[in-house]
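The values are calculated or read from the model by the stated rules, or taken from the named source; none is laboratory data. Predicted model, so just to flag it, every value in this text is computed and none were measured. Neighbour counts are summed over all protein chains in view; Cβ atoms, including those assigned to glycine, are modelled from backbone coordinates with ideal geometry. Just the protein is used for accessible areas: all its heavy atoms, side chains included, with ligands, DNA and RNA removed. Shrake-Rupley method; radii C 1.70, N 1.55, O 1.52, S 1.80 Å.
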Amino acid sequence: NKYLVGLDEQSIRSLNGVRVAKQLVKLIPNFVNFQIALRAIKHWARQRSIYSNVLGFLGGVNYAILVAYVCQNYPNANPA
């Protein structure tokens, strides 16, 4: 947050994605399982045409947060 002091609103919003990604990486116990599961879920969503923030569906960051939540609750689970 100290890096955001003095920045305009557009700059803060552009840095939000990077900040969220860094926080997610810190919170995930098994990053390899997270990556595999996230890729599979994104592929599944694209195949069903439900992967798009623009159309009102969940997008990349939303799916990443959901997968991170599952990975935290089930750290030893198989990503498949």
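Among PRO29, PRO79, PRO75, which is outside any helix (DSSP H, G or I) and more than 16 Å from the chain's Cα centre (by Cα)?
Result of the check over PRO29, PRO79, PRO75: PRO75.
In this structure, ARG39 does satisfy being open to solvent by 60 Å² or more (accessible area, probe 1.4 Å) and under 14 Å from the mean Cα position of the chain (by Cα). Put simply, of VAL70, VAL20, VAL32 the only residue that is out of contact with any Lys or Arg (no Cβ under 6 Å at 6 or more places or on another chain) and open to solvent by 80 Å² or more (accessible area, probe 1.4 Å) is VAL32. Applying the criterion of being closer than 24 Å to VAL18 by Cβ, part of a helix (DSSP H, G or I) and of a type outside the set (Ser, Thr, Tyr) to the residues of the stretch 44-63, the residue that is least open to solvent (accessible area, probe 1.4 Å) is ALA45.
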